[in-house]
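The structure appears below as structure tokens.
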């Protein structure tokens, strides 16, 4: 379904027009070969032509930099504004996917994004789901956009 290409296109568009931050996509990670570290993750569910969960994983430093760039503020710690900002970015990337799949006559609905923080947590996929993870490089480090999906 070309998830990687659609994720990269959506993320590049959002970061260039809404966040004014340059990002560089890296090759997708191999399935089940690497764990993703994170201090903030925002996820959003998609349902319709297929079911999926899109998640953005950021180390603290990167999440603070991205939120600061989008809101024009400096952040020293992950707070409600940072959580909301990363959640909104997940929502925008998922919205971009929804638009791109609509051109293929695939209908999708989006849930409300949720953000979690911490130094050690696991986001578990549905059983037998497929997984695509795209790392992105920004000046402050790397973040990841992951999608776990099932065809319906």
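Here's the yes/no breakdown for (1) in contact with a strand residue (DSSP E or B) (Cβ under 8 Å, 6 or more places away or on another chain); (2) over 23 Å from residue 81 (Cβ atoms); (3) at pLDDT 95 or above:
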| residue | (1), (2), (3) |
| --- | --- |
| 3 | yes, yes, no |
| 9 | no, yes, yes |
| 14 | no, no, yes |
| 24 | yes, yes, yes |
| 29 | yes, yes, no |
| 32 | yes, yes, no |
| 39 | yes, no, no |
| 48 | yes, yes, no |
Worksheet item: Which fully enclosed strands (runs of 3 or more DSSP E) of the range 66-152 have 2 or more residues being modelled with pLDDT of 95 or more, under 15 Å from residue 49 (Cα atoms) and under 17 Å from the mean Cα position of the chain (by Cα)?
Response: 108-110
Worksheet item: So is residue 129 closer than 12 Å to residue 58 by Cα and surrounded by 14 or more Cβ atoms within 10 Å (Cβ to Cβ) or not?
Response: no
Item to complete: Give 144, 121 a once-over and let me know the one that is farther than 16 Å from residue 23 by Cα and touching a residue at least 12 places away in the same chain (Cβ under 8 Å).
Response: 121
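The values are calculated or read from the model by the stated rules, or taken from the named source; none is laboratory data. Note that the coordinates shown come from a computational prediction; the quantities given were computed from them, not determined experimentally. Methodologically, a virtual Cβ is constructed for each residue, glycine included, from the backbone with ideal geometry; neighbour enumeration extends over all protein chains shown.
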